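> Sharing a structure here in structure tokens format.
The values are calculated or read from the model by the stated rules, or taken from the named source; none is laboratory data. From a predicted model like this one, the values you see are computed outputs, not experimental measurements. Cβ placement follows ideal geometry from the backbone for every residue including glycine, while neighbour counts extend to all protein chains displayed. Each accessible area value is taken on the protein alone, full model and side chains, heavy atoms only, with ligands, DNA and RNA left out. Shrake-Rupley method; radii C 1.70, N 1.55, O 1.52, S 1.80 Å.
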Amino acid sequence: MLMKIKKTHLIMITLLIIAIVSGVIFFMVFEMPFGLFGPGGPGGPGGPGGPGDPRHEFRKTLEKTIIPGLMEFAATKTEPGEYQSGIHMVKILSDTEAVALTDDEREGHRPNFDPVRDSMYFIKKTVNAQGREFYCKLYIKPELKPPVMSFFFNIRFLILLIISFLGALVILLTFSSHKNYLKAESENQKYTAMKRMARGLAHEIRNPLNALHLSLEIMKNDSVAIHDEKRADFMKCLSIMDSEICRLDNLVNKFMEYSKGVSPVIAEWSLTDCVKGAAMVIAPLAREKKIELNEAGMENVTAKFDRDLIYQSVFNILKNAIEASAEKGHVEYSLFVKNGMAHIEISDNGPGITAENAEKIFNFYFSTKPEGAGIGLALSKKFAEAHGGTVDFRCENGLTIFSIVFPV
């Protein structure tokens, strides 16, 4: 599977390539023609470096071997014209061409560059075998090795490359820091809004819960009037209602705690019973929507966790799966342990999650349902993360599968 290249990495690579290309162009334009054969002779302005610099060594070879050799070769010629000598060339100037030379060219110290021949040339005065003085142009084509070595040892190129790389790094870090700042600021605003909402929601829910609880106590006290054959079912319903009210009251407390930060109360529970309990409570909604709600494999798992938080996470995701499924759809849930991690998986055959929504699905207040508050999945993930786990999803074979994973 190929790794995705982040935009910041792409920017870094691009800037680094620009730095290298700029350095090469700088070297080819300024160092090749002038740094290697520098005007003013060895050590002169713009000339090569000192001893040890490959350009300096090549310049010494040029002055002691190549130029004297070409001048000896030129002295053997008697007629004006161009004469090849290996990779270099000698041009014997006619009297007309010699008269046209400038005083600076006659001195013969400063090299010139001929872009057509891709060669440097010196103008020198020499004497042929007949004792006749004449001017000649010595065209010298740089050999491959010295320029390549000079390229790698060129101090100006290295400085330019380092500065360009540091500049690219500064731009990248600035860009990344600003992006992270904006992301952190956005998350902080969401978190602040969530805290305000949690306080308000807890206050609004607690009042009716108290009223329901008092009403249930009254019904329990009056239940003696119910016939014995229905009393057991009546008491069972009362027990479920009382249990759910207590759970909601605990959830309200968790909301209040969440406004300060989630602090799970860890105890040993049956994770299997927790998942099955959430499925049993949500089953009436599945029947109402004509959705099949089935187990798909449940291991018997006992672990230490906050039962209310994990229960609520499972309940929220089961509810979303049922609401996402079309009529006569199916929702399945399973529980297994792998590599010391509990996996609670809930799948549905609904329309799935688009790529556009995939990155936002766990954000607070984001919902694709008109009546949705955008809280359930965000809280479920926070509750799992409080246990050192996470909530994630994948789409495969026409199913959307959510996984609650945490260590046991």
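> Give me the accessible area of Asp103, 1.4 Å probe, in Å² rounded to the nearest 10.
For Asp103, solvent-accessible area is about 120 Å².
> Please sort 323-333, 352-362 by packing, taking for each peptide the average over its residues of neighbouring beta carbons within 10 angstrom, highest first.
The packing order, highest mean first, is 323-333, 352-362.
> Strictly over 23 Å apart at the Cα level, which of Lys236/Lys304; Lys276/Lys328; Lys276/Lys360 would you flag in this model?
Lys236/Lys304; Lys276/Lys360
> Then there's this: Need one value: the accessible area of Lys289 in square angstrom, 1.4 angstrom probe, rounded to the nearest 10.
Spelled out: Lys289, probe radius 1.4 Å, area about 70 Å².
> Sticking with this one: Provide the gained length on full extension for the span Glu268 to Arg117, in nm with one decimal, where the gain is 0.36 nm per separating residue minus the Cα-Cα distance. Don't jump to the answer; show the numbers that get you there.
Working: separation 151, 0.36 × 151 = 54.36 nm, distance 8.68 nm.
Fully extending the segment from Glu268 to Arg117 adds 45.7 nm.
> Quick one: if the Förster radius is 30 Å, what FRET efficiency do Ile17 and Lys183 give, using the C-beta to C-beta distance and rounding to 0.05? Could the numbers behind the result be given before it?
Working: r = 28 Å, r/R0 = 0.93.
Given R0 = 30 Å and the Cβ-Cβ separation, E is 0.60.
> Would you please state which residues of segment 66-96 a label at Gln130 would reach in this model, taking the label point 7 Å out along Cα→Cβ and a backbone N cut-off of under 17 Å?
It comes to 74-82, 92-96, nothing else.
> Another one. Once phi is turned into ³J(HN,Hα) by the Karplus curve 6.51 cos²θ - 1.76 cosθ + 1.60 with θ = phi - 60°, what whole-Hz value does each residue of segment 74-80 show in order, with x for glycine and proline?
Residue by residue, segment 74-80 yields 5, 5, 7, 9, 10, 10, x Hz.
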